[in-house]
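The values are calculated or read from the model by the stated rules, or taken from the named source; none is laboratory data. Values in this document were obtained by computation on a predicted structure and should not be read as measured data. Positions of Cβ are backbone-derived with ideal geometry, glycine not excepted, and every protein chain shown enters the neighbour counts.
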């Protein structure tokens, strides 16, 4: 008995999407309820923003189940969700939202490191 590659792909997409949604939601809830330190207020907001963007990316990946495949000079996006209607408008919208969320995740990722670097530069180091 062999398992078709499409079934494996769908299973991995569903498991990854559900885990991404649940874990991002957990990060938002824990950050909002557990962290009460006033000095970490800005960093808390940054962590929540990152988790919300990742939450929407995971949700979008769960809905579209898209895969990018490179062949020669072309990139093919394959939408593997059997419940999406088969129309070109849905395909264009799914690819556009997937690319937008992917680039948004890449843009928001370094902000945490830039913020930490700015905090380090603003406070003098003391060796005690």
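Some notes on this structure:
- Residue in the stretch 1-18 that is nearest to residue 81 (Cα to Cα), counting only those that are out of contact with any helix residue (DSSP H, G or I) (no Cβ under 6 Å at 6 or more places or on another chain) and in contact (Cβ under 8 Å) with a residue 12 or more places away in the chain: 10
- Condition check for residue 54: touching a residue at least 12 places away in the same chain (Cβ under 8 Å) and touching a strand residue (DSSP E or B) at 6+ places or on another chain (Cβ under 8 Å): no
- When every residue of the stretch 20-41 is checked against the conditions, none turns out to be in contact with a strand residue (DSSP E or B) (Cβ under 9 Å, 6 or more places away or on another chain), farther than 27 Å from residue 119 by Cα and either surrounded by 12 or more Cβ atoms within 10 Å (Cβ to Cβ) or free of Cβ contacts under 8 Å to residues at least 40 places away in the same chain (or both).
- Each residue in the stretch 83-114 was checked for being loosely packed, with under 13 Cβ neighbours inside 10 Å, within 16 Å of residue 59 (Cα to Cα) and more than 20 Å from the chain's Cα centre (by Cα), and 1 pass.
- Residue match in the stretch 47-67 (condition: part of a strand (DSSP E or B), closer than 20 Å to residue 100 by Cβ and at pLDDT below 90): yes
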